[in-house]
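*Asks:* Can you read through this structure? Questions will come right after.
What follows is calculated from the coordinates using simple rules that are stated; it is not laboratory data. What you see is a predicted model, and the numbers here were worked out from it, not measured in a lab. Here the Cβ positions follow ideal geometry from the backbone for every residue, glycine too, while neighbour counts run over all protein chains shown.
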Amino acid sequence: MTDNSKLYVDLTVATMTPSETAYGLIEDAAIVTNGAQIEWVGPLVDLPAEHAGLTRDSLGGRLVTPGLIDCHTHVVHGGDRAVEFEMRLNGASYEEVARAGGGIVSTVTATRAADLDALIASALPRVDALLAESVTVLEVKSGYGLDRETELRMLRAARALEQHRPVRVLTTFLGAHAVPVEYLGSPDAYIDDMCIPTLRAAHNEGLVDAVDGFCEGIAFLPDQIARVFDVAQELNLPLKLHAEQLSNLGGAKLAASYGAMSADHIEYLDEDGVIAMAKAGTVAVVLPGAFYTLRETQAPPIDALRKHGVPMALASDCNPGSSPMTSLLLTMNMACTLFRMTPEEALTGVTRHAAAALGLTDCGQVTPGQRADLAVWDIKHPAELAYRIGFNPLHTRIFGGTS
Ligand code: DI6
Ligand code: FE
């Protein structure tokens, strides 16, 4: 117990720790934080004597959960794609839009045109929307630069978000996101001559926490992704992969064979791929915002993921093309309504399993030793978080012990 200690009482806590009770729920609970860390959690009646003298901060019977974690975003990018949205509504498919030079490539043009300050400024309102729902950890990908300078600038902008807002940012290098126009028809040359050297440069600058790719017919084939992964492994960087979003190229299997932290999207994943992920401990990151926006009809294999015990995380996939969404609460609702995930799976997906998808062990649960990243909600039961649509019951967001 130190001067930094705080004692919260009059609360229910969803610890999200695996336990006998759903959500790891503890009623009539107390939480002791010590600076940026959680020191003690449990029923108030069990509060150790050493903490009993602390001033009590009543949370008025509210529900406490871990601060939410958005483990897959593209919040840093230039421009928007409202016109493409309109094109699709006039009949064009996502792949047709991409092949016509729209899609990812049009965002690349806008991102290349934006300087560092512009990238930060345009990302901040999106970050603020996520933080307003208690997000405390945010993953941000590059992948709209596709040239050395712009990829580095995106990652610098992502890192800079921590200077502008109380949030922890993890950066992911996604150079293998799309083939830029100057390499059109030469994806191998792009991978070898641009993507890999840029990854090395970004790593040298300390800008990369993980490496990702887009394994898809309209992007890169498994052997091209593998070349990027080989370099990432040489640099000791953990891996993630956009896999099986529009078709099944065996991306999740490839990711699992490299011991990747996560395979993301996975609508077209088959049971073989699920088994490979289970064996490798690769987290499934489910992205209902993209499924919804693209009006996809093939849902990810939730039953098979459950059957084989693959942890399921959820994320916004906030990006200007396939998921212009900045709400994890809506993401949770969509996962329940569209994929029949349970509200408990949904909340686990944006807390404990989202942490696992990022390789983090110090957040995503309310347990001693974890960071004091907490959300205080004006609700009684955690199922309310996934149940409502367009309603934000956040009362207080606590980041590293500070509200
Ligand atoms: N899959 C997606 O859904 C996003 N990226 C990816 O690899 C879409 C990116 C975009 O359309 O801008
Ligand atoms: Fe994505």
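*Asks:* So how do 230-236, 246-252 stack up, highest first, on mean other-Cβ count within 10 Å? Kindly include the intermediate steps, with their values, before the conclusion.
*Replies:* Details: 230-236: 14.1, 246-252: 22.1.
Per-residue Cβ counts within 10 Å, averaged per peptide and sorted highest first, yield 246-252, 230-236.
*Asks:* Mark the label point 7 Å from the Cα of residue 89 along Cα→Cβ and return the residues of segment 320-336 whose backbone N is within less than 16 Å of it.
*Replies:* From segment 320-336, the list is 321-325.
*Asks:* Work out from phi, with θ = phi - 60° and the Karplus expression 6.51 cos²θ - 1.76 cosθ + 1.60, the ³J(HN,Hα) of each residue of segment 243-256, listed in order in whole Hz, and give x for Gly and Pro.
*Replies:* Coupling constants for segment 243-256: 10, 6, 7, 10, 7, 10, 9, x, x, 5, 5, 4, 4, 4 Hz.
*Asks:* Further, regarding this structure: Under the Karplus relation 6.51 cos²θ - 1.76 cosθ + 1.60, θ = phi - 60°, what is the ordered set of whole-Hz ³J(HN,Hα) values for segment 33-43, x standing for Gly and Pro?
*Replies:* Result, rounded to whole Hz: 10, 10, x, 7, 10, 7, 9, 8, 9, x, x.
*Asks:* Let me ask something else about it. Counting pairs of alpha carbon atoms under 8 Å apart in space and at least six apart in sequence, what relative contact order in percent does segment 97-178 give? Walk me through the numbers before you get to the answer.
*Replies:* Details: 100 pairs, mean separation 27.7, N = 82.
The normalised contact order for segment 97-178 reaches 34 percent.
*Asks:* Once amide H atoms are built 1.01 Å from N in the peptide plane, which residues 5 or more positions from residue 313, or in another chain, come under 5 Å H to H?
*Replies:* 284, 285, 286
*Asks:* Around residue 372, which amide H atoms from residues at least 5 apart in sequence, or from another chain, sit under 5 Å from its own amide H, with H modelled in the peptide plane?
*Replies:* 37, 38, 400, 401
*Asks:* Using a 10 angstrom cutoff on alpha carbons, build the Gaussian network for the chain and name the most mobile of 198, 21, 73.
*Replies:* 21
*Asks:* Work from the charge dipole of segment 135-193 (Cβ charges, +1 for Lys and Arg, -1 for Asp and Glu, about the Cα centre) and give the residue of 191, 138, 150 farthest towards its positive end.
*Replies:* 138
*Asks:* Taking the Cα centre of the chain as the origin and placing charges on Cβ (Lys, Arg +1; Asp, Glu -1), which of 336, 245, 5 is farthest toward the positive end of the dipole?
*Replies:* The one lying farthest along the dipole's positive direction is 5.
*Asks:* Right, something else. Just to confirm a number: summing +1 for Lys and Arg and -1 for Asp and Glu over residues other than residue 90 whose beta-carbon lies under 13 angstrom from that of residue 90, what do you get?
*Replies:* Every neighbour counted, the sum reads -2.
*Asks:* With each pseudo-label sitting 7 Å past Cα toward Cβ, what's the residue 226-residue 55 distance in nm, one decimal?
*Replies:* If labels sit at residue 226 and residue 55, their model points lie 6.2 nm apart.
*Asks:* Let me ask you something else. Size of the dipole of segment 127-206 about the Cα centre, Lys and Arg at +1 and Asp and Glu at -1 on the beta carbon, nothing else charged, in debye to 20?
*Replies:* Values: 8 positive and 12 negative charges, 68 e Å.
So the magnitude is around 320 debye.
*Asks:* For the Cα atoms of the chain, what angle does the longest principal axis make with the long axis of helix 148-164, in degrees from 0 to 90, nearest 10?
*Replies:* 10 degrees
*Asks:* Using alpha carbons only, how many angstrom separate the centre of segment 240-283 from the centre of segment 150-193?
*Replies:* Going from one Cα centre to the other spans 22 Å.
*Asks:* Follow-up question, since we're still on this one. If you plug each phi of segment 78-83 into the Karplus form 6.51 cos²θ - 1.76 cosθ + 1.60 with θ = phi - 60°, what whole-Hz ³J(HN,Hα) values come out, in order, with x for Gly and Pro?
*Replies:* Residue by residue, segment 78-83 yields x, x, 8, 10, 4, 5 Hz.
*Asks:* Here's a follow-up. Between residue 80 and residue 189, take the C-beta separation as r, use R0 = 30 Å, and let me know the FRET efficiency to the nearest 0.05. Write out the running numbers ahead of the final one.
*Replies:* Values: r = 30 Å, r/R0 = 1.00.
Result of the calculation: an efficiency of 0.50.
*Asks:* Quick check: pseudo-label points 7 Å beyond the Cα along Cα→Cβ at residue 275 and residue 402, how many nm apart are they?
*Replies:* 5.1 nm
*Asks:* Which listed residue (257, 14, 349) has the Cα farthest towards the positive end of the charge dipole for the chain, taking +1 on Lys and Arg C-beta and -1 on Asp and Glu C-beta about the Cα centre?
*Replies:* 14
*Asks:* How big is the gap, in Å, between the Cα center of segment 1-37 and the Cα center of segment 77-139?
*Replies:* After rounding, the separation between the Cα centres reads 38 Å.
*Asks:* Something else: For the chain, give me the percentage of DSSP beta bridges that are antiparallel, rounded to the nearest 5 percent.
*Replies:* Values: 24 of 54 bridges.
Once the DSSP bridges in the chain are tallied, antiparallel ones form about 45 percent.
*Asks:* Using only DSSP helix segments of four residues or longer, with each worth -39500 (n - 2.57), what per-residue ellipticity at 222 nm results for the chain after dividing by its residue count and rounding to 500?
*Replies:* Details: 15 runs with 137 residues, N = 403.
Estimated from H runs of four or more residues: -9500 deg cm²/dmol.
*Asks:* Ok, one more. Which peptide among 368-378, 168-178, 218-228 comes first, and what is the full order, when sorted by highest mean count of other Cβ atoms within 10 Å? Don't skip to the answer; put the middle values down first.
*Replies:* Numbers: 368-378: 21.6, 168-178: 25.0, 218-228: 19.7.
So the peptides 368-378, 168-178, 218-228, ranked by packing, come out 168-178, 368-378, 218-228.
*Asks:* Here's something else I'd like to know. Placing +1 at every Lys and Arg Cβ and -1 at every Asp and Glu Cβ, with all other atoms neutral, what dipole size does the chain have around its Cα centre, in debye to the nearest 20? Working shown, then result.
*Replies:* On the way: 29 positive and 50 negative charges, 80 e Å.
Taking the Cα centre of the chain as origin, the dipole is about 380 debye.
*Asks:* Assuming a ≥ b ≥ c are the square roots of the Cα gyration tensor eigenvalues, decide whether segment 326-403 counts as rounded (a/c under 1.5), prolate (otherwise, with a/b larger than b/c) or oblate. Please report the intermediate quantities before stating the final value.
*Replies:* Details: a/c = 2.17, a/b = 1.32, b/c = 1.64.
Verdict is oblate for segment 326-403.
*Asks:* Can you tell me the orientation of helix 328-339 relative to the chain, as the angle in degrees between its alpha-carbon axis and the longest Cα principal axis, to the nearest 10?
*Replies:* Between the helix axis and the principal axis of the chain, the angle is about 70 degrees.
*Asks:* Which parts of segment 108-149 would a label at residue 337 reach, counting a residue when its backbone N lies under 20 Å from a point 7 Å out along Cα-to-Cβ?
*Replies:* Of the residues in segment 108-149, 130, 133 have backbone N under 20 Å from the label point off residue 337.
*Asks:* Over the chain, what relative contact order in percent results from Cα pairs under 8 Å that are six or more residues apart? Each step should come with its number before you reach the end.
*Replies:* Numbers: 952 pairs, mean separation 78.9, N = 403.
Over the chain, the number comes to 20 percent.
*Asks:* Mind running the shape call on segment 88-220? Use the C-alpha gyration tensor, a ≥ b ≥ c as the square roots of the eigenvalues: rounded below 1.5 for a/c, prolate if a/b tops b/c, oblate otherwise.
*Replies:* It comes out oblate by the Cα gyration axes.
*Asks:* Out of residues 5 or more away from residue 211 or on other chains, whose amide H comes under 5 Å of its own, with H placed 1.01 Å from N in the peptide plane?
*Replies:* Under 5 Å from the amide H of residue 211 lie the amide H atoms of 173, 239, 240, each far enough along the sequence or on another chain.
*Asks:* How tilted is helix 271-280 with respect to the longest principal axis of the chain? Cα atoms for both, answer in degrees (0 to 90, nearest 10).
*Replies:* 60 degrees
*Asks:* Ok, one more. Peptides 9-20, 295-306: what's the order by average Cβ count within 10 Å, highest mean first? Could the numbers behind the result be given before it?
*Replies:* Values: 9-20: 18.8, 295-306: 16.7.
The densest-packed peptide leads the list: 9-20, 295-306.
*Asks:* Given 0.36 nm per residue, what is the gain on full extension from residue 46 to residue 164 after removing their alpha carbon distance, in nm? Don't skip to the answer; put the middle values down first.
*Replies:* Values: separation 118, 0.36 × 118 = 42.48 nm, distance 3.94 nm.
Using 0.36 nm per residue and subtracting the Cα-Cα distance, I get 38.5 nm.
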